[in-house]
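A quick write-up on the structure given underneath.
The values are calculated or read from the model by the stated rules, or taken from the named source; none is laboratory data. Keep in mind the model is a prediction, meaning the values are calculated, not measured. As a convention, Cβ positions derive from the backbone with ideal geometry for all residues, glycine included, and neighbour counts pool all protein chains shown. With ligands, DNA and RNA removed, areas are computed over all heavy atoms of the protein, side chains included. Shrake-Rupley method; radii C 1.70, N 1.55, O 1.52, S 1.80 Å.
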Amino acid sequence: TQLLEQSPQFLSIQEGENLTVYCNSSSVFSSLQWYRQEPGEGPVLLVTVVTGGEVKKLKRLTFQFGDARKDSSLHITAAQPGDTGLYLCAGFILTGGGNKLTFGTGTQLKVEL
Amino acid sequence: EPEVTQTPSHQVTQMGQEVILRCVPISNHLYFYWYRQILGQKVEFLVSFYNNEISEKSEIFDDQFSVERPDGSNFTLKIRSTKLEDSAMYFCASRAPGSSQPQHFGDGTRLSIL
């Protein structure tokens, strides 16, 4: 299957908590992107990971690409209400995936005061 | 920062009518895409376009759909005879040359078929 599964699907936490979102597939990806999408807007790119085992940090967000390039995680430290949104992973499948992005199922995050 | 722009933001059309969704990709990008997102569902690939031709299309992109780059800046998606199930958000994306370059998305056009 070429499906990218994200978990959890929904997450509601309090301000200041940490959280991790997972993105898993049975397919190998040549690269993987994380996007954040607000209602009524398009996905906004957060990061691209390319190398297996790669870790990238964007302020309080830490992104990791699995060693086998089949999975990725997004960890948010000390979440803030401004982090609320839909988080999407999307990647280019290495074999037979062509030039298209395969999107994950999304994680809806809500951070409350 | 350069961005992908899409017009209109919302299009309401009667079933059976033709619609054209417009996109202005980022100026130095060479690869262009259309995706759609039905309400409550994930983003789905429709078509990719490079060097003035379609490079890949999904099963969704049937004969009712077409894409065009009529000039050096616009990239359009035409739906010839709209159906109720075409109602969705349609996103345009573009990327720079280089296999690891990410795709940048516009804010989408909400298409409502009545």
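Would you mind getting me the FRET efficiency between B:THR7 and A:GLU38? Use the beta-carbon distance for r and R0 = 22 Å, nearest 0.05.
Values: r = 19 Å, r/R0 = 0.87.
Plugging the Cβ-Cβ distance into 1/(1 + (r/R0)^6) gives 0.70.
If you place +1 on the Cβ of every Lys and Arg and -1 on the Cβ of every Asp and Glu, how big does the dipole about the Cα centre of the protein assembly as shown come out, in debye to the nearest 20? Display every interim value, and only then the final one.
Values: 19 positive and 24 negative charges, 47 e Å.
I would put it at about 220 debye.
If the cut-off is a Cα-Cα distance under 13 Å, which aspartates and glutamates reach A:LYS59, setting aside same-chain residues fewer than 8 apart in sequence?
Excluding near neighbours in sequence, the set is A:ASP83.
Measuring from centroid to centroid over Cα atoms, what is the spacing of region B:1-23 and region A:14-38 in Å?
Taking the Cα centre of region A:14-38 as reference, the centre of region B:1-23 is 29 Å away.
Each residue of region B:98-108 in turn: what ³J(HN,Hα) in whole Hz from Karplus with 6.51, -1.76, 1.60 and θ = phi - 60°, glycine and Pro shown as x?
Computed from phi, the couplings for region B:98-108 are x, 5, 9, 6, x, 8, 10, 9, x, 7, x Hz.
How many Å³ per residue does the convex hull of the Cα positions in chain A occupy?
On the way: hull volume 10.0 nm³, N = 113.
Spread over its residues, the Cα hull of chain A gives 89 Å³ apiece.
Dividing the Cα radius of gyration by the Kirkwood radius, what Rg/Rh value follows for the protein assembly as shown? Before the final figure, lay out the partial values.
Values: Rg = 17.6 Å, Rh = 18.1 Å.
Dividing the radius of gyration by the Kirkwood radius yields 0.97.
Obtain the nm distance between the two label points defined at A:LEU58 and B:SER99 by a simple spin-label model: each point lies 7 Å from its Cα along the Cα-to-C-beta direction.
The two pseudo-label positions are separated by 2.4 nm.
Residue by residue through region B:81-93, which ³J(HN,Hα) values in whole Hz follow from phi under the Karplus form 6.51 cos²θ - 1.76 cosθ + 1.60 (θ = phi - 60°), with glycine and proline marked x?
9, 5, 10, 4, 6, 7, 4, 4, 8, 10, 10, 9, 9
With a cut-off of 17 Å, note down the residues of region A:17-33 whose backbone N falls inside the zone around a label point 7 Å from the Cα of A:THR95 toward its beta carbon.
From region A:17-33, the list is A:25-31.
Which order do the peptides A:23-32, B:74-83 come out in when sorted by mean C-beta neighbours inside 10 angstrom, highest first? It would help to have the intermediate numbers written out before the result.
Working: A:23-32: 19.9, B:74-83: 16.7.
Going from most to least packed, we get A:23-32, B:74-83.
In the full protein assembly as shown, how much of B:TRP34 is accessible to a 1.4 Å probe, in Å² to the nearest 10?
0
Give, as ranges by residue number, the residues of region B:1-32 whose backbone N falls under 11 Å from the point 7 Å along Cα→Cβ of B:SER55.
From region B:1-32, the list is B:30-32.
On a C-alpha basis, how far is the centre of region A:98-113 from the centre of region B:80-114 in Å? Whole number, if you could?
Taking the Cα centre of each part, region A:98-113 and region B:80-114 sit 16 Å apart.
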